[in-house]
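> One structure coming up, written as structure tokens, with questions to follow.
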Amino acid sequence: MSCKCGYRMFRLFTIHPDSYRGDSHYLHPQLIKLIHPSLILSQTVIMRKIFLALAVCSSACLYAQQTNTVLKEQAIADLQTQYNEYKTIAFQIWDFAEVGYKEIKSSALLQETLKKSGFIVEPGVADIPTAFVATYGSGKPVIGILAEFDALPGLSQTNAPEKQSAGKDAGHGCGHNLFGTGSVAAGIEIKKLIEQKKLSGTIKVFGCPAEEGGSGKVYMVRAGLFSDVDVAIHWHPADENEVTTTSALANKSAKFRFTGLAAHAAAAPEKGRSALDGVESMDYMVNMMREHVPQETRIHYVITDGGKAPNVVPDFAEVYYYVRHPDKEYVKSIFERVVKAAEGAALGTETKVEYEIIGGTHDLLFNETLAGVMQKDLEKVGGVMYTAEEIEYAKKIQSSFIYKIPEIKTAADVKPLKKEADKATGSTDVGDVSYVVPTVGMQAATWVPGTPAHSWQAVSCDGTEIGTKGMMVAAKTMALTAIDLFTTPGLIIKAKEEFIKAKGSYKYEALLGDRKPALNYRD
Ligand SMILES: [Zn+2]
């Protein structure tokens, strides 16, 4: 037998709420111990009292469940009435297409939306001009919702179903225009319920800039902004509807800058020392190293500056590296070997090298308790239904893929919760949040099935109603999960117990050390 409102039941027996553990203990052994010696009642009287209490409890339970269902129905319906407003905001941010730490207009729009709804907004947190925390309510629990809004450089695309540049420097190829707006929508919905006194506690929306390589949330975690948060909720655009069970690859990135001596490349090459030689020697050594690192390691680089003209020996060159692995300890040690390759390259080419850590993110701690709750909510909300016009658009998008693609109708499905986590393939700074507060997330089908992230097809979908409909699936599901957390205190206790166990003795330490936010990493 399980009881969703165990807290109330324990109060009936006048046991301190602190003794409450989880949501499935209807008759805790402590309870019997306490009743027996203190009341000295006959077994029959005790049994009668217990029976009576259980009867009261089950009706209280039923009442709580009914209230919970009513609140959820209200949240779903209300969010739907706001659809056009949120769609407009999402399209505006899609249009702004601002890259990491430059999201001035996008961040301002979301802050303004939250302020208009009654949130108190603290801008410029963690020494990042575009980061913010919006708060409504007071007391416990404190539920946090993460919002992202940065675009990707070089992915300019219109919302047409064929490759067509919008003539900009960047595009929303990861759907963070939807991510930010959907999270704000969920936060505002919870705020309304707190205002109406249907929920009590605090809702916070975290405006998190520069997810794409800038590690924005890491600085926010480092600044202690999550210290009073009980649970963090997030989501991500995708081509399917699924609660996230996948971890993330821990990641450490840096820019290596070589300096040499400029000289005429033909007339006086012996007088020069090529910084590009330094970069190329480093890359060669790192490429050799690939054979001698654990299998799951991922190392990638781009030469961001290789000199300006072939007839000038370059006196400056820069290469930008990512080192990833599911285990952050491996990331740290492999990164040190990459640094050795840089130093060796500088020595051999008689150049100098310096490096700047750009980002560093943890793997993601999965929370099964919270994932189970979110799964039920996602199933209640359901997936994305396409109109006939959208099906035609989707067919065109799918015709551009060169691999096997899922059926279009799968956008309407909700995937079952996986028992075991998939192998991590990407990295996210949500990982760092998941190491300081129990965290749960989901993906919603904002992209035509088969669409990969960071593609022109994703940018296109993020600027259509396929994108915004998927966004509303996420907004509704996150609001429902927050309602569960506000109305069932036992869930938070259970999630925290699981979180503490999963984290073990690990003490959080940012992989990027104590550097200040890399506000110009996109320059
Ligand atoms: Zn993303």
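The values are calculated or read from the model by the stated rules, or taken from the named source; none is laboratory data. A quick note: this is a predicted structure, and the numbers were derived from the prediction, not measured. Glycine also receives a Cβ, built like all others from the backbone with ideal geometry; neighbour counts cover every protein chain displayed.
> List every residue pair whose Cβ atoms lie under 6 Å apart, where the two residues are 6 or more positions apart in sequence or sit on different chains, the first residue falls within segment 412-438 and is in the same structural domain as residue 213 (by TED's automatic domain parsing), and the second residue, located anywhere, is part of a strand (DSSP E or B) and small (Gly, Ala, Ser).
Correct list of pairs: 433/232; 437/232.
For every residue, the table says whether it meets (1) away from the ligand (no atom under 16 Å from the Cβ); (2) outside any helix (DSSP H, G or I); (3) under 13 Å from residue 144 (Cα atoms); (4) touching a residue at least 12 places away in the same chain (Cβ under 8 Å).
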residue: 161; (1), (2), (3), (4): yes, yes, no, yes
residue: 165; (1), (2), (3), (4): yes, yes, no, no
residue: 168; (1), (2), (3), (4): yes, yes, no, yes
residue: 190; (1), (2), (3), (4): yes, no, yes, yes
residue: 194; (1), (2), (3), (4): yes, no, no, yes
residue: 200; (1), (2), (3), (4): yes, yes, no, yes
residue: 203; (1), (2), (3), (4): yes, yes, yes, yes
residue: 221; (1), (2), (3), (4): yes, no, yes, yes
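> Right, next: Can you tell me which residue is nearest to residue 177 (Cα to Cα) among those in segment 109-143 that are assigned to a loop (DSSP other than H, G, I, E, B) and over 22 Å from the mean Cα position of the chain (by Cα)? Steps first, please.
In the first step, residues of segment 109-143 are kept if they are assigned to a loop (DSSP other than H, G, I, E, B); the result is 117-119, 124, 128-131, 138-141.
Subset that is over 22 Å from the mean Cα position of the chain (by Cα): 117-118, 138-140.
Working: 117: 19, 118: 22, 138: 29, 139: 31, 140: 30 Å.
Per the criteria, the residue is 117.
> For segment 364-382, state whether one or more residues are of a type in the set (Phe, Trp, Tyr), within 20 Å of the chain's Cα centre (by Cα) and at negative phi. Walk me through it before giving the result.
First, pick out the residues of segment 364-382 that are of a type in the set (Phe, Trp, Tyr): 366.
Next, only the ones that are within 20 Å of the chain's Cα centre (by Cα) stay: 366.
From what's left, at negative phi: 366.
Looking through segment 364-382, at least one residue is of a type in the set (Phe, Trp, Tyr), within 20 Å of the chain's Cα centre (by Cα) and at negative phi.
> Further question: Looking at this structure, is residue 178 within 16 Å of the ligand (Cβ to nearest atom) and at pLDDT 95 or above?
Yes: the conditions hold for residue 178.
> Are there any pairs, at least 6 apart or on different chains, whose C-beta atoms fall under 9 Å, with the first in segment 131-157 and among the hydroxyl-bearing types (Ser, Thr, Tyr) and the second within 16 Å of the ligand (Cβ to nearest atom), and if so, which?
Within 9 Å, the pairs are 156/97; 156/170; 156/171; 156/456; 156/459.
> Only one of 227, 247 is more than 13 Å from the chain's Cα centre (by Cα) and part of a loop (DSSP other than H, G, I, E, B); which? So that I can check it myself, show each step before the final result.
Details: 247 fails: more than 13 Å from the chain's Cα centre (by Cα).
Testing whether each residue is more than 13 Å from the chain's Cα centre (by Cα) and part of a loop (DSSP other than H, G, I, E, B) leaves just 227.
> So, one more: Where the second residue is surrounded by 18 or more Cβ atoms within 10 Å (Cβ to Cβ) and the first is among the acidic types (Asp, Glu) and lies in segment 385-401, which pairs have Cβ atoms under 6 Å and are six or more apart or on separate chains?
Close Cβ pairs (under 6 Å, with a partner that is surrounded by 18 or more Cβ atoms within 10 Å (Cβ to Cβ)) amount to 390/466.
> Examine segment 89-105 for a residue that is touching a Phe, Trp or Tyr at 6+ places or on another chain (Cβ under 6 Å) and surrounded by 22 or more Cβ atoms within 10 Å (Cβ to Cβ), and state whether such a residue exists.
Step one: filter segment 89-105 for residues touching a Phe, Trp or Tyr at 6+ places or on another chain (Cβ under 6 Å), giving 93, 103, 105.
Checking which are surrounded by 22 or more Cβ atoms within 10 Å (Cβ to Cβ) leaves us with 93, 103.
Within segment 89-105, one or more residues are touching a Phe, Trp or Tyr at 6+ places or on another chain (Cβ under 6 Å) and surrounded by 22 or more Cβ atoms within 10 Å (Cβ to Cβ).
Results for (1) free of Cβ contacts under 8 Å to residues at least 24 places away in the same chain; (2) away from the ligand (no atom under 16 Å from the Cβ); (3) aliphatic (A, V, I, L, M), shown as yes or no for each residue.
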| position | (1), (2), (3) |
| --- | --- |
| 237 | no, no, no |
| 243 | no, yes, yes |
| 253 | no, no, no |
| 257 | no, yes, no |
| 260 | no, yes, no |
| 285 | no, yes, yes |
| 289 | no, yes, yes |
| 293 | no, yes, yes |
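> Only one residue in 92, 111 is over 23 Å from residue 232 (Cβ atoms) and either at pLDDT below 95 or more than 16 Å from the ligand (Cβ to nearest atom) (or both). Which one? So that I can check it myself, show each step before the final result.
Working: 111 fails: over 23 Å from residue 232 (Cβ atoms).
Sole residue among the options that is over 23 Å from residue 232 (Cβ atoms) and either at pLDDT below 95 or more than 16 Å from the ligand (Cβ to nearest atom) (or both): 92.
> If you don't mind, another one. Of all residues in segment 323-355 being in a strand (DSSP E or B) and within 33 Å of the chain's Cα centre (by Cα), which is surrounded by the fewest Cβ atoms within 10 Å (Cβ to Cβ)?
The first filter runs over segment 323-355 and keeps only residues in a strand (DSSP E or B), leaving 323-325, 352-355.
Still in the running and within 33 Å of the chain's Cα centre (by Cα): 323-325, 354-355.
On the way: 323: 29, 324: 26, 325: 25, 354: 11, 355: 18.
Taking the candidates together, the pick is 354.
> Residue under question is residue 471, and the condition is that it be assigned to a helix (DSSP H, G or I), closer than 25 Å to residue 212 by Cα, hydrophobic (A, V, I, L, M, F, W, C) and assigned by TED's automatic domain parsing to the domain that holds residue 234; does it hold?
Values: assigned to a helix (DSSP H, G or I): yes; closer than 25 Å to residue 212 by Cα: yes; hydrophobic (A, V, I, L, M, F, W, C): yes; assigned by TED's automatic domain parsing to the domain that holds residue 234: yes.
When the stated conditions are applied, residue 471 passes them.
> I need the full set of residues from segment 136-152 which are surrounded by fewer than 17 Cβ atoms within 10 Å (Cβ to Cβ) and within 16 Å of the ligand (Cβ to nearest atom), in order please.
Just the residues of segment 136-152 that are surrounded by fewer than 17 Cβ atoms within 10 Å (Cβ to Cβ), to begin with: 138-140.
Once the filter is applied, which keeps residues that are surrounded by fewer than 17 Cβ atoms within 10 Å (Cβ to Cβ) and within 16 Å of the ligand (Cβ to nearest atom), segment 136-152 yields nothing.
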